[in-house]
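**Student:** Just passing along the structure, written as structure tokens.
The values are calculated or read from the model by the stated rules, or taken from the named source; none is laboratory data. Predicted model only: the values in this text are computed from it and were never measured. Don't worry about glycine lacking a Cβ; one is built from the backbone with ideal geometry, like all the others, and counts go over all protein chains shown. Heads up: the accessible areas ignore ligands, DNA and RNA and are worked out on the full protein's heavy atoms, side chains in. Shrake-Rupley method; radii C 1.70, N 1.55, O 1.52, S 1.80 Å.
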Number of protein chains: 2
Amino acid sequence: MAISNIRYGEGVTKEIGMDLQNLGARRVCLMTDKNLSKLPPVNAVLNSLAKYGINFQIYDNVRVEPTDQSFLDAIRFARKGEFDAYVAVGGGSVIDTCKAANLYAASPASEFLDYVNAPIGKGKPVTVPLKPLIAVPTTSGTGSETTGVAIFDFKELKVKTGIASRAIKPTLGIIDPLHTLSMPERIVANSGFDVLCHALESYTALPYNMRSPCPSNPINRPAYQGSNPVSDVWALHALRIVAKYLKRAIRNPEDREARANMHLASAFAGIGFGNAGVHLCHGMSYPISGLVKTYKPKDYNVDHSLVPHGLSVVLTSPAVFAFTAQIHPERHLEAAEILGADIRTARIKDAGFILADTLRKFLFDLNVDDGLAAIGYSKADIPALVKGTLPQERVTKLSPRPQTEEDLSALFEASMKLY
Amino acid sequence: MAISNIRYGEGVTKEIGMDLQNLGARRVCLMTDKNLSKLPPVNAVLNSLAKYGINFQIYDNVRVEPTDQSFLDAIRFARKGEFDAYVAVGGGSVIDTCKAANLYAASPASEFLDYVNAPIGKGKPVTVPLKPLIAVPTTSGTGSETTGVAIFDFKELKVKTGIASRAIKPTLGIIDPLHTLSMPERIVANSGFDVLCHALESYTALPYNMRSPCPSNPINRPAYQGSNPVSDVWALHALRIVAKYLKRAIRNPEDREARANMHLASAFAGIGFGNAGVHLCHGMSYPISGLVKTYKPKDYNVDHSLVPHGLSVVLTSPAVFAFTAQIHPERHLEAAEILGADIRTARIKDAGFILADTLRKFLFDLNVDDGLAAIGYSKADIPALVKGTLPQERVTKLSPRPQTEEDLSALFEASMKLY
Ligand SMILES: NC(=O)c1ccc[n+]([C@@H]2O[C@H](COP(=O)([O-])OP(=O)(O)OC[C@H]3O[C@@H](n4cnc5c(N)ncnc54)[C@H](O)[C@@H]3O)[C@@H](O)[C@H]2O)c1
Ligand SMILES: NC(=O)c1ccc[n+]([C@@H]2O[C@H](COP(=O)([O-])OP(=O)(O)OC[C@H]3O[C@@H](n4cnc5c(N)ncnc54)[C@H](O)[C@@H]3O)[C@@H](O)[C@H]2O)c1
Ligand SMILES: [Fe+2]
Ligand SMILES: [Fe+2]
């Protein structure tokens, strides 16, 4: 398994101009979103580019929770710009958009569907060389700075899907906790839930040696290879940090220790799930986001309705882990203990319920919306939610327990109300 | 920081022929040592090469604990062979030799000293492209499959030194625990001590943000950057595995679980120290190995006297950690606890003694030679040992506590007898 380069430290962003010089970059594309373009993280990057005389163009039209159309807009910009390096400053939305722009600019003859995951797209392997991409995350959530994944909302099909290839993994991730200080409460919370689910899902994913089919030629194996001894280390470590620091990071924007630790945990969990994969919370989240009606989350400075990614994954987590705990109950119990459950008298066969209860309590304490119903869904939506989950095989098949359509329906139903 | 690719699993060696095909290799150099060339690990590789019709030449003249001369012999072989890929099957001696052969074959005009660490060599940065190298470790010790380091004994100067560059890091490490089953007891023990010291030294190394000078341009920063939040994860995880499995792996060659875990721990600790660095145990070990008199360790099937690397690092470890614990005593105490010490009533100012005692007990239980005196050194050798340590600045300057020549003398003296 391959793991990206990261640089960590308060203020390390100021070196980015030098990094670009070292790369010999002469035309840099700086991507961000309209909200961030006025905030300190982008400012820090601009200062460094100026100091080292780096020639660049800004694209700040990234859509929060990107769509095929918003990816295409960024791709057009990148194709026209003939850039020799990319810098993405933002959350997963920005970093993912920049990965797609870099990929399609390097492959000008490709159709958009060529690299999109099968069965929705053609899932072609990437064989063209990409330009270097430096990712500067400003949320503590996706770990996109360490992964070869770019996610978008396919509007026509009303479902989220993505592009997955080691080739689009950033060349360098700059983990500078100073950037987390401007995040409002709900963005810290939702992106933190993404870390929580990356850690829980990759730790409980189907083990790497039970995955099938296992292509005999290593070159054909997917980036998501199932849980394994290396990803386990990252997942557990990230989970411990989430347990210790997420609440503090949400509640107190001045708690630099907590915010810095969550920023690292995001990258750690990213390295874990980038190798192991995620499963049902993520598979089911894609239609939850894709079918959004009118929900407008607090603290998101955007003009369209959206279900933030971290919220869309965490709302089903109690139901999902109650369902998957049949397989590897001991890992589910261990996770519950890390998250604060007292398991001294617990019975192993209750592992799923214990983890589910622990998660519900965790979310309740953090004022999370009470289930899918609270963000606008009702029973009548379940068939569409299930239909949107079915094509997400790339992740759902990593669930330790196989699921039927009825199982998925039941999981959505159980997630309508949490408390 | 960058982390190598690894593939883990019983039997995964059988895929190596396919890996070489995927790399388009047409002339492969297979390196090993004379002892291993008759053992199952090399056999497994040969079978796979045959199955996939890979054209190769064998070099089995690697010296256990390599020297400048033995490196040069392998380099001559590599330069003549015009290989397009390398496979190293063996312990650190083989993998390190293969790294050097690959480097100098790719740089035919270079003098040997060009890439050797300063101040002994010129420490030039590597700018030539190397051929892919697949490392198949057969000991559970050096983690060389994950590092950009190659160590040898500079005979003329009677001191060990090395080559350090990200460029020589293997393309892929194949961690196949089946290979550990043929290891005799003392090789498991000594290579395991290397893992123990990699973990302890990288966890206690000078923190990355206290290192000086810190070159302002990231490209000039050394691979060894001091302890940091990422290397800490690997170091602690490796230490926990050592605490749980090393004794079992040594005592029972049939204990596959223990041997497999130590094989992974070796790679984990390698990733940790490959990013953070090691310090005094390693810095002082180089003259301990380099000045060897007549010591011939049990279980090493070789015709020259040698102090195995793992033994040369671990014998000074009680003295070293008693000395360094002034700085970060809490980390020393935590390490002692992981290794089995009861620290409930411990005082933080005794952290160094507690860790030292724990290590002494650990070594005593495993029948380790009673200090430097037991492997042939006496007080009269101390000035030469100190002199051999002084040029090892690359690592000794990562000690959390700076040392004078008198300090080094005292550390060697305290390591003469352990029990
Ligand atoms: N590539 C991957 O591996 C991966 C993994 C998980 C999720 N994702 C995707 O990433 C996207 C979600 O990304 P995200 O959760 O990082 O959020 P985001 O990028 O969608 O940003 C959310 C909001 O936070 C604002 N924001 C970001 N950083 C800020 C800061 N420091 N201060 C103030 N405001 C800030 C943004 O402007 C935006 O309004 C989704 O599309 C999701 O599917 C990708
Ligand atoms: N490159 C690095 O990062 C790094 C780190 C630490 C040490 N080192 C160096 O590595 C060398 C030591 O390597 P090592 O400890 O792995 O041992 P080694 O390679 O020197 O081998 C020791 C002995 O074990 C035998 N052996 C190895 N595997 C066997 C197996 N599976 N079954 C039976 N016998 C087996 C060998 O034939 C040899 O006789 C030293 O030169 C040391 O300085 C390098
Ligand atoms: Fe996610
Ligand atoms: Fe070592």
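**Student:** Checking the table A:Lys155/A:Lys387; A:Lys80/A:Lys158; A:Lys155/A:Lys417; A:Lys99/A:Lys131; A:Lys80/A:Lys122; A:Lys99/A:Lys298 against a 18 Å threshold on Cα-Cα, which pairs fail?
**Tutor:** Checking Cα-Cα distances, A:Lys80/A:Lys158; A:Lys155/A:Lys417; A:Lys80/A:Lys122; A:Lys99/A:Lys298 exceed 18 Å.
**Student:** Can you compute the charge dipole magnitude of the stretch A:104-193 about its Cα centre, using +1 on each Lys and Arg Cβ and -1 on each Asp and Glu Cβ, nothing else charged? Give it in debye, rounded to the nearest 20.
**Tutor:** 220
**Student:** Could you pull the accessible area for A:Lys361 with a 1.4 Å probe, rounded to 10 Å²?
**Tutor:** 130
**Student:** Still on this model: Report the residue, chosen from A:Tyr52, A:Tyr377, A:Tyr104, that carries the largest GNM mean-square fluctuation when chain A is represented by alpha-carbon nodes joined by springs under 10 Å.
**Tutor:** A:Tyr52
**Student:** Then there is this: Under DSSP H, which helices of chain B have Cα atoms covering 27 Å or more of the helix axis and a Kyte-Doolittle average no less than -1.0?
**Tutor:** Helices meeting the span and hydropathy rule in chain B are B:185-204, B:229-251, B:256-276.
**Student:** Taking the Cα centre of the protein assembly as shown as the origin and placing charges on Cβ (Lys, Arg +1; Asp, Glu -1), which of B:Leu280, B:Gly92, A:Ile219 is farthest toward the positive end of the dipole?
**Tutor:** A:Ile219
**Student:** Which distances, shortest first and in nm, link A:Asn367 to the matching position in the other copies, using label points set 7 Å out along Cα to C-beta?
**Tutor:** Nearest to farthest, the other copies are at 6.6 nm.
**Student:** If amide H atoms are built 1.01 Å from N in the plane of the peptide, which residues on other chains or at least 5 residues away come under 5 Å of the amide H of A:Ile6?
**Tutor:** Long-range HN contacts for A:Ile6: A:Gly173.
**Student:** So how much accessible area does B:Arg401 have, in Å² to the nearest 10, using a 1.4 Å probe?
**Tutor:** The accessible area comes out at roughly 60 Å².
**Student:** As a test of the formula, what do you get for chain B when each DSSP H run with n ≥ 4 contributes -39,500 (n - 2.57) and the sum is divided by the residue count, at 222 nm and rounded to the nearest 500 deg cm²/dmol?
**Tutor:** So the helix-based figure for chain B works out to -13500 deg cm²/dmol.
**Student:** Would you rank A:His237, B:His279 by solvent-accessible area, highest first, keeping every protein chain in place and using a 1.4 Å probe?
**Tutor:** Of A:His237, B:His279, the descending order of accessible area is A:His237, B:His279.
**Student:** Contact order normalised by length for the stretch B:5-179, with contacts defined as Cα pairs under 8 Å and 6 or more residues apart; what percent is it?
**Tutor:** 27
**Student:** Considering only DSSP states other than H, G, I, E and B, which GluC sites (Glu not before Pro) in the stretch A:121-221 qualify as loop sites with at most 12 other Cβ atoms within 10 Å?
**Tutor:** Answer in residue order: A:Glu156.
**Student:** For B:Lys14, list the lysines whose Cα falls under 17 Å from its own Cα; do not include residues on the same chain fewer than 8 positions away.
**Tutor:** Hits, sequence-local ones excluded: B:Lys51.
**Student:** Which residues of the stretch A:1-45 bury at least 50 Å² of accessible area once all protein chains are present, versus their chain alone (1.4 Å probe)?
**Tutor:** A:Met1, A:Ile3, A:Ile6, A:Tyr8, A:Met18, A:Asn22
**Student:** Taking amide hydrogens as modeled 1.01 Å from N in the peptide plane, which residues meet the under 5 Å criterion relative to A:Lys160, leaving out close sequence neighbours?
**Tutor:** It is A:Phe154, A:Gly290, by chain and number.
**Student:** Same structure, new question: Whose amide H sits under 5 Å from the amide H of B:Tyr59, counting only residues 5 or more places off or on another chain, with H placed in the peptide plane?
**Tutor:** Answer set, sorted by chain and number: B:Leu30, B:Met31, B:Thr32.
**Student:** Sticking with this one: Can you list, shortest first in nanometers, how far B:Glu393 lies from the same residue in the other copies, with each label 7 Å from Cα toward Cβ?
**Tutor:** 6.0
**Student:** In Å², rounded to the nearest 100, what is the total accessible surface buried by chains A and B against each other with a 1.4 Å probe?
**Tutor:** Approximately 2200 Å², summed over both chains.
**Student:** Same structure, new question: In debye, nearest 20, what is the charge dipole magnitude of the stretch B:1-97 about its Cα centre with +1 on Lys and Arg Cβ and -1 on Asp and Glu Cβ, if you could check?
**Tutor:** 300
**Student:** With a 1.4 Å probe and all protein chains left in place, how much accessible area per residue does the protein assembly as shown have, in Å²?
**Tutor:** 37
**Student:** Give the relative contact order (percent, whole number) for the stretch B:179-257; include only Cα pairs under 8 Å separated by 6+ residues.
**Tutor:** Dividing the mean separation by the residue count of the stretch B:179-257 yields 47 percent.
**Student:** Right, here's the next one. Placing +1 at every Lys and Arg Cβ and -1 at every Asp and Glu Cβ, with all other atoms neutral, what dipole size does the stretch A:5-179 have around its Cα centre, in debye to the nearest 20?
**Tutor:** In debye, rounded to 20, the stretch A:5-179 gives about 240.
**Student:** Let me ask something else about it. At a 1.4 Å probe, what is the % contribution of carbon and sulfur to the accessible area of the stretch A:183-414?
**Tutor:** Result for the stretch A:183-414: 53 percent of the exposed heavy-atom area is carbon or sulfur.
**Student:** Relative contact order, percent, of chain A when contacts are C-alpha pairs under 8 Å separated by at least 6 residues?
**Tutor:** So the answer I get is 15 percent.
**Student:** Let me ask something else about it. So for chain B, taking the charge dipole from beta-carbon charges (+1 Lys/Arg, -1 Asp/Glu), which of B:Ala341, B:Leu291, B:Ile354 sits furthest toward the positive end?
**Tutor:** B:Leu291
**Student:** So, one more: In nm, one decimal, shortest first: how far is the label point of A:Ala109 (7 Å from Cα along Cα to beta carbon) from the matching points in the other copies?
**Tutor:** Relative to the other copies, A:Ala109 has label-point distances of 3.8 nm.
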